Ligand SMILES: O=C(O)[C@@H](CO)O[C@H]1O[C@H](CO)[C@@H](O)[C@H](O)[C@@H]1O
């Protein structure tokens, strides 16, 4: 079977209407030229037309991946509701259907566990195209119907953004009131279940929780996970995407071992932290959670829920104190950490730039990160690779070991702008626009820009709408 990427290019046959910037005007360049001149010339009109085709196609992808109030990441490959995908996808929906954006969030939180956790996958409807499904997680029946692990908590950031940008403020306020206690419960869960020793930073207990499943950062800690005598299994991902782009069998054996161990204690969060043979301080989760706590605080103030503000402030302060221990000045990068050995993990990955998105990097760290990023970009045609292109384990097409992910590009660009690195941000934005013009896929090869992984991919479409499209039209 052909890899999905083969079928995933933009379905436009006429080259003149095919989305893509072809070295011409990108949203960022459009913004800059329009700010300098009052008139829109022919070239700009043409660029706008191309952007509009791309935006229309992105809306179409979200609509087609809508299974009734929730959006699957991609047909076949990922047939359920994924946690951080949905939070990012809601930002895309909000650009053309605010009510539907709110519905995405409501549906995600409809599966919140009693202890406050929001699962990494919600199994709303049965499917045979994904492994491991609900029968492996032991959650075929309600009230669970979801996995016993979580994912980077983007949701509060989404709710904050959706509210601020809402045209229908009445609906937005109703929805924020409804979602706020649920967000607070989830963030409290992170504090109690994932930082019971009050270190200031939260633990991630499964590579799937990090969202960057086979990141080279997890090689070392995964080596210390013994493979149990688990039931034989057949991977479904390899029927959708070429095995050379996916995690290895050795990784899957460990992913599954962890699931069976967690299931054996019924995912009791009080036990998991202590029994998991994989326990890391993940830069992505911690950066996203810090930023999400800033959003939660903003929402609390907006709603007048002032009694919870000191609690959130305490979490934020805890992060600020502990985060500096994740910076490695020798290589000018933040690093994830193995909590079980206490060692910073060697790999430099794109998650190392996410403290910019969090706004938790100091100005001098930000300056060094920008220099590191420039160095990375000088080694590849398109940015940002998910793994250091100078490292021996850089694999431009293998999932989180090299390819570019539009969602990470958005987060890092957002951070670069916040710290005043506008030119670098513009380079990443232009690259992203060019990449998306060749197909709205799961990820892209940084060496030649080829789209890869799953096709017609929801969060990539959402980034096109919520980031690139907005950037050009807000000029
Ligand atoms: O490969 C998988 O089976 C899933 C497991 O959660 O992860 C990928 O796919 C998910 C759905 O897009 C993402 O949320 C993850 O970050 C990751 O890219």
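Just so you know, all these numbers are worked out from the coordinates, no wet-lab data involved. These numbers come from a predicted model, not from an experiment. Quick reminder, even Gly has a Cβ in these numbers, built from the backbone with ideal geometry, and neighbours come from all protein chains shown.
May I ask you to compute the full-extension gain from residue 140 to residue 359, defined as 0.36 nm times their residue separation minus their alpha-carbon distance, rounded to one decimal in nm? Numbers along the way, then the final one.
Numbers: separation 219, 0.36 × 219 = 78.84 nm, distance 3.98 nm.
So the extension gain works out to 74.9 nm.
Take the alpha-carbon centre of the stretch 407-430, take the same for the stretch 235-304, and report the distance between them in whole Å.
Using only Cα atoms, the two centres lie 26 Å from each other.
What angle, in degrees between 0 and 90 and rounded to the nearest 10, separates the Cα long axis of helix 406-418 from the longest principal axis of the Cα atoms of the chain?
It is inclined by approximately 80 degrees.
If I stretch the segment between residue 168 and residue 235 completely, what's the gain in nm (0.36 nm per residue apart, minus their alpha carbon distance), one decimal?
Between residue 168 and residue 235, full extension yields 19.7 nm more.
Three principal axis extents, largest first, for the C-alpha atoms of the chain, in Å?
So the extents along the principal axes, rounded to whole Å, are 64, 55, 49.
In nm, to one decimal, how far is the modelled label at residue 228 from the one at residue 381, with both set 7 Å along Cα→Cβ?
That separation, rounded to one decimal, is 4.5 nm.
Would you mind classifying the stretch 331-460 by shape? Square roots of the alpha carbon gyration tensor eigenvalues, ordered a ≥ b ≥ c; an a/c under 1.5 is rounded, otherwise it is prolate if a/b is larger than b/c and oblate if not.
Here the stretch 331-460 falls in the oblate category.
Suppose each label sits 7 Å from its Cα in the direction of the beta carbon; what would the residue 177-residue 325 distance come out to in nanometres?
4.2
Percent relative contact order of the stretch 15-473, based on C-alpha pairs within less than 8 angstrom and at least six residues apart?
Over the stretch 15-473, the number comes to 20 percent.
Pop a pseudo-label 7 angstrom from the Cα along the beta-carbon direction at both residue 52 and residue 271 and give the gap in nm to one decimal.
Inter-label distance under the simple model: 6.0 nm.
In deg cm²/dmol, rounded to 500, what helix-only [θ] at 222 nm does the chain give when every DSSP H run of at least 4 residues adds -39500 (n - 2.57) and the total is split over its residues?
Computed ellipticity for the chain at 222 nm equals -14500 deg cm²/dmol.
Roughly how tilted is helix 42-64, in degrees to the nearest 10 and between 0 and 90, from the longest Cα axis of the chain?
Once rounded, the angle reads 30 degrees.
In degrees, nearest 10, range 0 to 90: what is the angle between the Cα axis of helix 249-264 and the longest Cα principal axis of the chain?
Orientation of helix 249-264: about 50 degrees from the principal axis.
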